[in-house]
Every structure is written in structure tokens, then in C-alpha cells.
Amino acid sequence: RIEKLPPFTLTSKNHKSTKREMSNNPKEAKSKTIVCLGAGYAGGSTICIMASHCPKDKFYVCDIKKSLVDSWNCGRVPFYEPGLQSFLSKTHEKNLWFSTVNEKLLAEANVIFIVVPTPFDKSKREPSLQYYRRAAHMIKSACQNSLSRKIVVEKSTVP
């Protein structure tokens, strides 16, 4: 069940500081650009709900699977999640967009979520990090010449 929570915005008191605080006053905060690598169940759902709570921020969900991106861009959730369609309908193409992986978006982002599969390799008895490493290399490549700081968030079912 998806519940609506009160909005919050991350703001910085000092550009050089890494200290962040939550503000309930959206007029105080500047608009942020949030990019999520991974348009599957975890990434798509999370960002869809975040976009509905932060209407002044711009959210982009990117994936290497064009068919998955196309499904989201048709305005329909590509998997079963009760209640998620209403969040998508409120935000799609207003402050939420879906795309194949785009280095320009990564370079312009304030926050980047990595929400990619980490399948368990039974033969090695450990998770496979191939998709995570690929995402990290994409971010490094896209952001190496960026002058702005990035917050990178890893969201995974693997501890």
C-alpha cells in the first residue's frame, strides 16, 4: 500500500559544506534535478512517488532497456503495483520523465540514484555486481568534468 507523506526538500546552508537539513518550506529551496539509473520495480516506483511529493524538482528515470522506458513513456506502469498508476498520472511529463541512459542528464544532476539489479550468483554464493559497476562507470564518465557536487545514492536489496 502506498501512502502519501508530507513533502520535504534537501537544502544546503553553505555551498562548500556537506551538511544538509530538511526544510518543510518549499519556497526556501532551489529546484533539484534527480536522476535514477534503473526504471524497474524499485527505481521506477521510488522516483514516481518522490516526484509526486516534490513537484518543484525535476526527476528523470533512465534505463538501458528501451522497451521498459517506452512502457513508462506510454503513461502506464510496466508491472503490478497497486496505487502507483495514480502517482504516475500526476507527475509524468510534468516533473517526471523517462529516458534511456543519458550522460548529459547525469552531468546536470544534483542527486543520482543507482537502482539496478543485483542478482544472486548461486555458484559463487554472492550477488553479481556487474550492473552496479556499469552504472558507477557511467556516472564517472558523465561527471568527470562536472563542476557541481553530486550526491550518489545506492538503493539495493543486497546488504
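List the residues of the range 56-78 whose backbone N lies under 20 Å from a point placed 7 Å from the Cα of THR100 along the Cα-to-Cβ direction. The answer is 60-76, 78, whose backbone nitrogens lie closer than 20 Å to the label point. Of LYS58, LYS122, the residue with the largest accessible area leads and the full order is LYS122, LYS58 (1.4 Å probe). Here the Karplus curve 6.51 cos²θ - 1.76 cosθ + 1.60, taken at θ = phi - 60°, turns the phi angles of the range 32-37 into couplings of 10, 10, 10, 10, 10, 8 Hz, with x standing for Gly and Pro. With no solvent and one point per C-alpha, what does the Debye sum give as log10 I(q)/I(0) for the range 75-124 at q = 0.28 Å⁻¹? So the normalised log intensities are -1.14.
The residues of the range 56-119 have, on average, 51 Å² of accessible surface per residue, using a 1.4 Å probe with all protein chains present.
Rounded to the nearest 0.05, what FRET efficiency do ARG125 and PHE79 have when you use their Cβ-Cβ distance and R0 = 30 Å? Efficiency, from the Cβ-Cβ distance: 0.60. Note that the range 31-159, at 25 °C in a medium of 0.890 mPa s, gets a Stokes-Einstein diffusion coefficient of 164 µm²/s from its Kirkwood radius over C-alpha pairs. Over the range 33-79, the ratio between the Cα radius of gyration and 2.2 N^0.38 Å evaluates to 1.06.
Counting heavy atoms of the protein chains alone, VAL158 has an accessible area of about 40 Å² for a 1.4 Å probe. Compactness of the range 47-109, taken as the C-alpha radius of gyration over 2.2 N^0.38 Å, stands at 1.08. The calculated FRET efficiency for VAL158 paired with LYS30, based on their beta-carbon distance and R0 = 35 Å, is about 0.60.
The values are calculated or read from the model by the stated rules, or taken from the named source; none is laboratory data. What you see is a predicted model; the values in this text were computed from it and never measured. Neighbour counts are summed over all protein chains in view; Cβ atoms, including those assigned to glycine, are modelled from backbone coordinates with ideal geometry. SASA here: full protein model, heavy atoms, side chains in, ligands and nucleic acids out. Shrake-Rupley method; radii C 1.70, N 1.55, O 1.52, S 1.80 Å.
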